[in-house]
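See below for the structure under consideration.
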Amino acid sequence: MELYVYDHCPYCVRAMMIFGLKNIPVNKHVLLNDDEETPTRLVGKKVVPILVKEDGSVMPESLDIVKYIDTHYGEPILQTTVRPEIEALLAEITSYSNYLLMPRFIKLDVAEFATQRAIDYFTQKKTAYVGDFTQHFNNTPTYLARLTTDLEKLSAFVLGEASLNHRLSLEDILVFPVLRNLTCVKGLRFPTRLEHYIKRLSELSQVDLYTSQAI
Ligand SMILES: N[C@@H](CCC(=O)N[C@@H](CS)C(=O)NCC(=O)O)C(=O)O
């Protein structure tokens, strides 16, 4: 199978996680961010993740990919319950996390931003959507204060070692990608429980953190 992704894309991380957690081999292709041709040829629009299945058919939509892999390859490992409190906290965090993340993504050593053209493409497209990157970067302390409070709240919901609930569930597929991306923010301190969770799930899902290149 072939999986087309951007490394920084939280939806792509969802898909990468299920392959890593179940140890299912997949050829991962990280597209340049300005490559419109490849995804459009595969699914008719510029979007990732895209899975090309063993029979050659294509599947976009991260949660469809997660569900397909979990139910078609070995015993399912994910419970499907998502606590409404988790959903609400995640919605709150993602309402501003892009202000911290987008200005940093373009500075990371990730394959989708290997060229200046790809960086410029992303910057132009996303600035129109979230506002000026430099201004957001300079507002880091304000966003961090808000995030610290929200992460404390989230940490109180962690019940397992490498799972938010007692067992791996869809909650982890939704929450881990957001937390993993936030490891690129220098100066962010995760509550201890949450930090263990992120590290352990990174190992199990074989998705690297950005901690060593935090900005
Ligand atoms: N609902 C889709 C959303 C996927 C999505 O929004 N992907 C973004 C990357 S994070 C994308 O491809 N955006 C187009 C672009 O960056 O030009 C899913 O869950 O897979």
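The values are calculated or read from the model by the stated rules, or taken from the named source; none is laboratory data. All figures in this text were calculated on a predicted structure; none of them were measured in a lab. FYI the Cβ positions are ideal-geometry reconstructions off the backbone, even for glycines, and counts take in every protein chain you see. For the accessible areas, the whole protein counts, side chains as well, though only heavy atoms, and no ligand, DNA or RNA atoms are used. Shrake-Rupley method; radii C 1.70, N 1.55, O 1.52, S 1.80 Å.
Toward the positive end of the charge dipole of segment 84-213, with +1 on the Cβ of Lys and Arg and -1 on the Cβ of Asp and Glu, the farthest Cα among Phe190, Asn138, Ala162 is that of Asn138.
Calculation over all alpha carbon pairs of segment 2-72 in 10 angstrom steps from 0 returns a P(r) of 21, 61, 18, 1 percent.
Mind putting a number on the dipole of the chain about its Cα centre? Charges go on the C-beta only, +1 for Lys and Arg and -1 for Asp and Glu, and I need it in Debye to the nearest 20. Could the numbers behind the result be given before it?
On the way: 23 positive and 27 negative charges, 89 e Å.
It works out to roughly 420 debye.
All other residues whose Cβ lies under 15 angstrom from that of Lys199 are scored, Lys and Arg at +1 and Asp and Glu at -1, for a net of -1.
Stretching the chain fully between Thr142 and Asp208 yields a gain of 21.1 nm (0.36 nm per residue, less the alpha carbon separation). Annotation: per residue accessible area for the chain equals 49 Å², rounded to a whole number [probe 1.4 Å, protein chains only].
Label segment 1-120 by shape, choosing from rounded, prolate and oblate, from the square roots a ≥ b ≥ c of the eigenvalues of the Cα gyration tensor; if a/c is under 1.5 it is rounded, and otherwise prolate applies when a/b is larger than b/c, oblate when it is not.
Details: a/c = 2.00, a/b = 1.11, b/c = 1.80.
Taking the square roots of the gyration eigenvalues as a ≥ b ≥ c, segment 1-120 is oblate.
Annotation note: trypsin sites (Lys or Arg not before Pro) in segment 89-184 located in DSSP loop regions with a Cβ neighbour count of at most 12 within 10 Å are absent.
Across all directions, the shadow cast by the convex hull of segment 84-213 built on its C-alpha atoms averages 7.9 square nanometres.
I need the GluC sites (Glu not before Pro) found in segment 4-80, filtered to DSSP loop residues with at most 10 other beta carbons within 10 Å of theirs.
Numbers: sites: Glu36, Glu37, Glu54, Glu61; in loops: Glu36, Glu54, Glu61.
For GluC sites (Glu not before Pro) across segment 4-80 that sit outside H, G, I, E and B with at most 10 neighbouring Cβ atoms in 10 Å, the list reads Glu54.
Computed extension gain for Thr71 through Lys45, at 0.36 nm per residue and net of the alpha carbon distance, reaches 6.7 nm. For segment 132-139, backbone phi angles converted through the Karplus equation (6.51, -1.76, 1.60; θ = phi - 60°) give residue-by-residue couplings of 4, 4, 5, 4, 5, 4, 5, 8 Hz, Gly and Pro being listed as x.
Would segment 164-211 count as rounded, prolate or oblate if I go by the C-alpha gyration tensor, calling it rounded below 1.5 in a/c and otherwise prolate when a/b exceeds b/c, oblate otherwise?
On the way: a/c = 1.84, a/b = 1.52, b/c = 1.21.
Prolate, since a/c reaches 1.5 and a/b exceeds b/c.
Take the alpha carbon gyration tensor of segment 85-132, find the square roots of its eigenvalues, order them as a ≥ b ≥ c, and report rounded if a/c is under 1.5; if not, report prolate when a/b exceeds b/c, else oblate. Could you put the intermediate results ahead of the total?
On the way: a/c = 3.37, a/b = 1.99, b/c = 1.69.
Taking the square roots of the gyration eigenvalues as a ≥ b ≥ c, segment 85-132 is prolate.
When the surface is traced with a 1.4 Å probe over the full set of protein chains, Thr80 keeps roughly 110 Å² accessible. Per atom type, the chain shows carbon and sulfur on 51% of its accessible surface, probed at 1.4 Å.
Pop the C-beta distance of Thr134 and Val178 into the FRET formula with R0 = 22 Å and round what comes out to the nearest 0.05. Don't skip to the end; give the middle numbers.
On the way: r = 23 Å, r/R0 = 1.05.
The computed FRET efficiency comes out at 0.45.
Here the calculated FRET efficiency for Thr80 and Leu159, from their Cβ-Cβ distance with R0 = 25 Å, stands at 0.95, rounded to the nearest 0.05.
Across the cross-link table entries Lys28/Lys53; Lys28/Lys67; Lys22/Lys67; Lys28/Lys126; Lys67/Lys199, which are compared at the Cα atoms, the separations over 20 Å belong to Lys28/Lys126; Lys67/Lys199. With R₀ fixed at 22 Å, the C-beta to C-beta distance from Glu36 to Asp109 puts the FRET efficiency at about 0.40. I want to make sure I understand the PRE zone here: with the label point 7 angstrom from the Cα of Thr127 toward its beta carbon, which residues in segment 86-112 have backbone N atoms less than 19 Å away? Hits in segment 86-112 for Thr127 at 19 Å: 98-108.
Surface listing: Ser97, Ser212 arranged by accessible area from highest to lowest gives Ser212, Ser97, probe 1.4 Å. The residue list Leu21, Ile50, Leu3 was ranked by how far each Cα lies along the charge dipole of segment 2-72 toward its positive end, using unit charges on Cβ atoms, and Leu21 comes out on top.
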